[in-house]
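Chemist: Right, I'll just put the structure down here and ask away after.
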Amino acid sequence: MEQTFRVPDMMCAACAAKIQEALARVEGVDEVVASPPEKVVRVRGSAPASALVAAIRAAGFQPDV
């Protein structure tokens, strides 16, 4: 399943890398694609949305939910 999150405070490639690293540690995540120009993160896998949102927040960002 693919889930998409808008992350308005993701501004650059370093931000995207930080989010990708945090999400990659979540059990059930198969693939993460973060696009700073679109301010969007797409996650493939079986992880629940709540775990993904928590990981994004733990990385220091506020996803729109």
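Chemist: What FRET efficiency do you get for residue 65 and residue 13 if R0 is 22 Å and r is their Cβ-Cβ distance, rounded to the nearest 0.05?
Modeler: Calculated transfer efficiency: 0.40.
Chemist: Which one, 46, 10, 29, is farthest towards the positive end of the dipole of the chain when Lys and Arg carry +1 and Asp and Glu -1 on their Cβ?
Modeler: Of the listed residues, the answer is 10.
Chemist: Separate question: Of all the stretches in the chain, which is the longest one without any exposed loop site, taking GluC sites (Glu not before Pro) in a DSSP loop (any state but H, G, I, E, B) with at most 15 other Cβ atoms within 10 Å?
Modeler: The answer is 39-65.
Chemist: Taking the Cα centre of the chain as origin, work out the dipole magnitude from +1 charges on Lys and Arg Cβ and -1 charges on Asp and Glu Cβ, in debye rounded to 20.
Modeler: The calculated dipole for the chain is roughly 120 debye.
Chemist: Right, here's the next one. Suppose each label sits 7 Å from its Cα in the direction of the beta carbon; what would the residue 54-residue 35 distance come out to in nanometres?
Modeler: Spacing of the two 7 Å Cα→Cβ label points: 2.9 nm.
Chemist: Related question: Given the DSSP H assignment, sum -39500 (n - 2.57) over each helix run of at least 4 residues in the chain and divide by its residue total; what's the result at 222 nm in deg cm²/dmol, nearest 500?
Modeler: -10000 deg cm²/dmol
Read-outs: derived from the displayed coordinates by stated rules, not from any lab. Everything quoted here is computed from the prediction, not taken from an experiment. Here Cβ is always computed from backbone atoms with ideal geometry, including for glycine, and neighbour counts include all displayed protein chains.
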